[in-house]
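*Asks:* Below are the structure tokens for one structure; questions will follow.
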Amino acid sequence: MLKYKGKRWYVYYQFVNEEGQMKRQPSIYFNVNRDYPDFDSRVAQIKKIRNTIEKALKGGFSPLEVKEEDPVFSAIAALDFALALKKNSLRESSYKDYLNRLTHFKKYIQNAQVFTLKINQIDTKLVNNFLNQILKKTSPRNRNNTKTVLSALFSILEDHELIDRNFIKNIKNIKTKPERNKTYSLQKVTKIFEFLELEDSNLLFYIKFISYNFLRPIEACRIRVKDIDLENKQLTVKAKNKVIKIKIIPQVLINELKQKDLSNLEHFIFTPNGPGEWATSEVGKRNYFTKRYARIKKKLNISKDYTVYSFRHTFITKLYRELRLKHPLTETLDTLMLITGHATLKALREYLRDIDAELPEDYSELLEIKD
């Protein structure tokens, strides 16, 4: 039931109680009036809340866990509720990551024999103990990523007044040693491309698409035929931050695309056998090509430090160095930013620094000790 303009907006529902009677449950407000001042945005948000509650109820959520004299969600119910709301803003791959990390946290709560814990009883000590357990079993990076996910969910709970504050955001990250995919030498790229031309031309096309359009592997896996405009040589890409970006397709790829069957607009460009249908998840598709390339690396004796993602680093480095031969730094960065799709100049500079795109010339003269 929706309550409209002129009143405080909320969602309510009825549920069969322990006596078998249908009883109206407490209204759910979630600050719709405060956070959504105009009518249309309130309608959209209240419907989203309604749909989420309906989905949670169909999924087994029981409001009987919440006593009238103590109207606080159980930890498990509240976290599931937060994830259901968060799902609306997550990509499929990100949602699965959230779901996986939250599942581990809920199992920890169960194993700690605090399954009936209320959401407002979860404290810093409990979360830190859980994060320390992850740190011992895996890595600092995994521990930090789990903390980020839990913090995002607790922020939702705070926004919707199910907890007083999100204390997890104040837990510090642990310093990690960054993992970096090495950049190929151009000689190695030539050798790999020549080998793939004979061994696996479909994988080669996938790698070329990443290399020449400066895509992340998972971005390439999202591309459908309808995302490609051959006439204007443009590619529509769903980027990491969920922003839709338009990229120029180099002519070298246009020539190869024209040889593909692009008759079905809904077909994915990259599947195990070229353009076609593929029901696998985005992460599953990326992992498939990663494993496929791993077999090639084994044949060519390429170390694990070099990955499909390394091709993106390699060709951005090549492009940067070619531009620097003709243009000053500022102009080079402006041009490169348009091509790579980095959102800010700072992000591009940090990326170039991380992949060692620019190296100094020989500085031997500076090391000489002169009389």
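The values are calculated or read from the model by the stated rules, or taken from the named source; none is laboratory data. Values in this document were obtained by computation on a predicted structure and should not be read as measured data. Heads up, the Cβs are rebuilt from the backbone with ideal geometry, glycines too, and the neighbour counts pull from every protein chain shown. Please note that ligands, DNA and RNA were not included when accessible areas were found on the heavy atoms of the full protein model with its side chains. Shrake-Rupley method; radii C 1.70, N 1.55, O 1.52, S 1.80 Å.
Conditions (1) without any contact (Cβ under 8 Å) to a residue 60 or more places away in the chain; (2) aromatic (Phe, Trp, Tyr), marked per residue:
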residue: LEU198; (1), (2): yes, no
residue: LEU203; (1), (2): no, no
residue: PHE209; (1), (2): no, yes
residue: TYR212; (1), (2): no, yes
residue: SER263; (1), (2): yes, no
residue: ILE269; (1), (2): no, no
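*Asks:* Give me the residue from the stretch 149-173 that is surrounded by 14 or more Cβ atoms within 10 Å (Cβ to Cβ) and without any contact (Cβ under 8 Å) to a residue 40 or more places away in the chain and, out of that set, farthest from LYS118 (Cα to Cα). Spell out the reasoning first.
*Replies:* Initial filter on the stretch 149-173 (surrounded by 14 or more Cβ atoms within 10 Å (Cβ to Cβ)): 149-160, 162-163, 166-169, 171.
Filter again for without any contact (Cβ under 8 Å) to a residue 40 or more places away in the chain, leaving 151, 155, 158, 166, 169.
Numbers: SER151: 17, SER155: 16, GLU158: 14, ASN166: 15, LYS169: 20 Å.
By that ranking, first place goes to LYS169.
*Asks:* Can you confirm whether the stretch 35-49 contains a residue that is part of a loop (DSSP other than H, G, I, E, B), over 22 Å from ASP164 (Cα atoms) and modelled with pLDDT of 75 or more?
*Replies:* For the stretch 35-49, residues part of a loop (DSSP other than H, G, I, E, B), over 22 Å from ASP164 (Cα atoms) and modelled with pLDDT of 75 or more: present.
*Asks:* Looking at the stretch 78-128, which of its residues are part of a helix (DSSP H, G or I), among the basic types (Lys, Arg) and open to solvent by less than 60 Å² (accessible area, probe 1.4 Å)?
*Replies:* Across the stretch 78-128, the qualifying residues are LYS86, ARG101, LYS106.
*Asks:* Let me ask another. Do we have any residue at all in the stretch 193-208 that's assigned to a loop (DSSP other than H, G, I, E, B) and more than 28 Å from the chain's Cα centre (by Cα)?
*Replies:* Checked the stretch 193-208: at least one residue is assigned to a loop (DSSP other than H, G, I, E, B) and more than 28 Å from the chain's Cα centre (by Cα).
*Asks:* Being of a type in the set (A, V, I, L, M) and open to solvent by 60 Å² or more (accessible area, probe 1.4 Å) narrows it down to one residue among LEU196, LEU186, LEU203; which is it?
*Replies:* Going through LEU196, LEU186, LEU203 in turn, just one is of a type in the set (A, V, I, L, M) and open to solvent by 60 Å² or more (accessible area, probe 1.4 Å): LEU186.
*Asks:* Which of the following residues is open to solvent by 50 Å² or more (accessible area, probe 1.4 Å), of a type in the set (Lys, Arg), over 19 Å from LYS182 (Cβ atoms) and not in a helix (DSSP H, G or I): LYS304, LYS370?
*Replies:* Of LYS304, LYS370, the one residue that is open to solvent by 50 Å² or more (accessible area, probe 1.4 Å), of a type in the set (Lys, Arg), over 19 Å from LYS182 (Cβ atoms) and not in a helix (DSSP H, G or I) is LYS370.
*Asks:* Limited to the stretch 211-227, what total is found for residues that are touching a strand residue (DSSP E or B) at 6+ places or on another chain (Cβ under 6 Å) and either assigned to a strand (DSSP E or B) or among the small types (Gly, Ala, Ser) (or both)?
*Replies:* Pass one, the stretch 211-227, residues touching a strand residue (DSSP E or B) at 6+ places or on another chain (Cβ under 6 Å): 213, 219, 222, 224, 227.
Going one step further and asking which of them are either assigned to a strand (DSSP E or B) or among the small types (Gly, Ala, Ser) (or both), we end up with 224.
Residues meeting the conditions: 1.
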